[in-house]
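> After the structure tokens below, expect a handful of questions from me.
The values are calculated or read from the model by the stated rules, or taken from the named source; none is laboratory data. As the structure is a prediction and not an experimental result, all values here were calculated from the model. Cβ: placed from backbone, ideal geometry, glycine included. Neighbour counts: every protein chain shown. For accessibility, only protein heavy atoms count, side chains too; no ligands or nucleic acids. Shrake-Rupley method; radii C 1.70, N 1.55, O 1.52, S 1.80 Å.
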Amino acid sequence: MRRIRPRRSPAVPLLIAVWAGAAAVLWLWWNNTPSIADNNGRILNAGRITGLLAGYLMALVVLQMARVPALERRVGSDRVARWHAMTGRYTICMVLAHLFLTMWGYALQSGKGLGGIVQQTVDSVNQLPDMGKAAIGTGLLVLIGFISVGWLRRLIPYDTWYHVHLLTYAAVFLTFWHQLSTGNDFAVEPVAKTVWYGLYGSVTALVLWYRILSPIRLNLKHRMRVQAVIEETPGIVSVLISGRKLHRMGAEAGQFFRWRFLAPGMRFSSHPYSLSASPRPNMLRITVKAIGDHSAALRELAPGTRVWAEGPYGALTADKRSRGKVLLVAGGVGITPMRTLFETLPGASGDLTLLYRANTTQDLALWDELAAISKERGARLMYAVNSPEGERPDISADSLRRKLPDIEDHDVFMCGPPGFAQEVYAALRGAGVPARRIHHESFEM
């Protein structure tokens, strides 16, 4: 084995940079505000602060959607997705606060009072430059935020939510211009205006490169097509994808791509699926459980169907490893990235253990392959399935210690449904595994 040198996540430096940017935005307001005379001034300045922060957060929201490799492959796609959701919530709160406070302040200046906010808003949209576009952009942001609320999000088909979510780009574009044309801070500070253009211009360039140009380059180079669809177990299929020099796509064990199959009814759907085998020069494989319309339709794919892929993404790779011994934990179709790691992680006999959780033995997809890998590598393979009466297996701190007495000396890689991941995470922490050595990615589709 090569010397283990885990790659450190840049999450902490990035968060420090984000907070430093927010502090710079507040300093811009402070530097341009010599004094606040009265209550009306306080309201308007509160509107200025929330507006500046909203503009800054909008740039971060788009940056987190740009699929920059330094974020997707080093921080982790699931963590970036959580950052994006949290930043989006803060952005909408700041936008609404900015709208309310600013219109309230203008209404007081006009002698209308709090009850005149609606009329003041209408007047501002009609009279101030770029406010019409800002109003449309604000409406789009509110719509996107509303359909992303947990209970409603679960009621909406993924493809519908995804395509509406893309309107974030339009919303940010529409609201950008009024920041410069009506914002006092940018009117009196040309340097701040230049920096703001630079911030939004850089984010736009990253989106164009990583969301549009890089995928075009990738797919023109590798020209992927469906070669075959194989049923692994009832409800789970593997899709074999052929192409040119696929081992040069830069994919590592544990990563995933976003796949678009150019078949009737599927052309406008893009979904993330992990590789379930190491890339070969002319072959990739994904293994998918039929959960929604898109995944269920994969079994009907005809050989020769064109494939469009974006990626690779994900940080659940060997670079996270910091110990010689490794426990891999898979729940359901979460076996796909674990299978590639089980095959490729360096290790001596006895160093690797795979625990596979499924409802029944019939649901243990790729089991024959896993058994062959286990035998060849001298690795340990275990499964946990429900009893014939439907009783769930015991995956607790005590049971993990019984199976692996030295579990606290392991790195743990884990992939599965969110509820399963939370249960196993708690058990691992109870068994003495430090949080920094539990590596997992989880996506709720």
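One line per residue, one yes/no per condition, for (1) open to solvent by less than 40 Å² (accessible area, probe 1.4 Å); (2) under 22 Å from Ala170 (Cβ atoms); (3) modelled with pLDDT of 95 or more; (4) outside any helix (DSSP H, G or I):
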{"site": "Ile4", "(1), (2), (3), (4)": "no, no, no, yes"}
{"site": "Gly41", "(1), (2), (3), (4)": "yes, no, no, no"}
{"site": "Leu52", "(1), (2), (3), (4)": "yes, yes, yes, no"}
{"site": "Arg82", "(1), (2), (3), (4)": "no, no, no, no"}
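> Within region 260-310, which residues are free of Cβ contacts under 8 Å to residues at least 40 places away in the same chain and within 21 Å of Arg244 (Cβ to Cβ)?
Within region 260-310, Pro279, Arg280, Pro281 qualify.
> Just to verify a result, which residue in region 127-136, among those that are open to solvent by 40 Å² or more (accessible area, probe 1.4 Å) and closer than 18 Å to Trp104 by Cβ, is modelled with the highest pLDDT?
Ala135
> Looking for something touching a helix residue (DSSP H, G or I) at 6+ places or on another chain (Cβ under 6 Å), without any contact (Cβ under 8 Å) to a residue 40 or more places away in the chain, surrounded by fewer than 16 Cβ atoms within 10 Å (Cβ to Cβ) and at negative phi - is there at least one such residue anywhere in region 55-77?
Within region 55-77, not a single residue is touching a helix residue (DSSP H, G or I) at 6+ places or on another chain (Cβ under 6 Å), without any contact (Cβ under 8 Å) to a residue 40 or more places away in the chain, surrounded by fewer than 16 Cβ atoms within 10 Å (Cβ to Cβ) and at negative phi.
> Residue by residue through region 356-397, note down the ones that are open to solvent by 90 Å² or more (accessible area, probe 1.4 Å) and charged (D, E, K, R).
Asp368, Lys375, Glu376, Arg380, Glu389, Glu391, Arg392, Asp394
> Could you tell me which residue of region 57-75 is farthest from Gly201 (Cα to Cα), considering only residues that are in contact with a Phe, Trp or Tyr (Cβ under 9 Å, 6 or more places away or on another chain) and not hydrophobic (A, V, I, L, M, F, W, C)?
Checked region 57-75; the qualifying residue farthest from Gly201 (Cα to Cα) is Arg73.
> Filter region 217-230 for residues that are in a helix (DSSP H, G or I) and either within 20 Å of Val61 (Cα to Cα) or open to solvent by less than 70 Å² (accessible area, probe 1.4 Å) (or both) and give the result.
Leu218, Asn219, His222
> Test of understanding: among Thr102, Thr91, which residue is touching a helix residue (DSSP H, G or I) at 6+ places or on another chain (Cβ under 7 Å), in a helix (DSSP H, G or I) and farther than 30 Å from Trp209 by Cβ?
From the options Thr102, Thr91, the qualifying one is Thr102.
> Could I ask something else about it? Out of Val188, Val172, Val203, Val207, which single residue is in contact with a Lys or Arg (Cβ under 9 Å, 6 or more places away or on another chain), in contact (Cβ under 8 Å) with a residue 40 or more places away in the chain and either open to solvent by 30 Å² or more (accessible area, probe 1.4 Å) or on the phi < 0 side of the Ramachandran plot (or both)?
Going through Val188, Val172, Val203, Val207 in turn, just one is in contact with a Lys or Arg (Cβ under 9 Å, 6 or more places away or on another chain), in contact (Cβ under 8 Å) with a residue 40 or more places away in the chain and either open to solvent by 30 Å² or more (accessible area, probe 1.4 Å) or on the phi < 0 side of the Ramachandran plot (or both): Val207.
> Cβ-Cβ distance below 7 Å, separation of 6 or more or different chains: which pairs start in region 359-378 with a residue that is farther than 20 Å from Lys289 by Cβ and end on one that is in a loop (DSSP other than H, G, I, E, B) and open to solvent by less than 20 Å² (accessible area, probe 1.4 Å)?
Listed pairs, sorted by first residue: Ile373/Ala379.
> Determine if region 152-165 includes at least one residue that is farther than 25 Å from Ala297 by Cα, part of a helix (DSSP H, G or I) and out of contact with any helix residue (DSSP H, G or I) (no Cβ under 7 Å at 6 or more places or on another chain).
Checked region 152-165: no residue is farther than 25 Å from Ala297 by Cα, part of a helix (DSSP H, G or I) and out of contact with any helix residue (DSSP H, G or I) (no Cβ under 7 Å at 6 or more places or on another chain).
> Kindly evaluate Arg67 against the criterion of being part of a helix (DSSP H, G or I) and closer than 30 Å to Lys320 by Cβ.
Values: part of a helix (DSSP H, G or I): no; closer than 30 Å to Lys320 by Cβ: yes.
Judged against the criteria, Arg67 is not a match.
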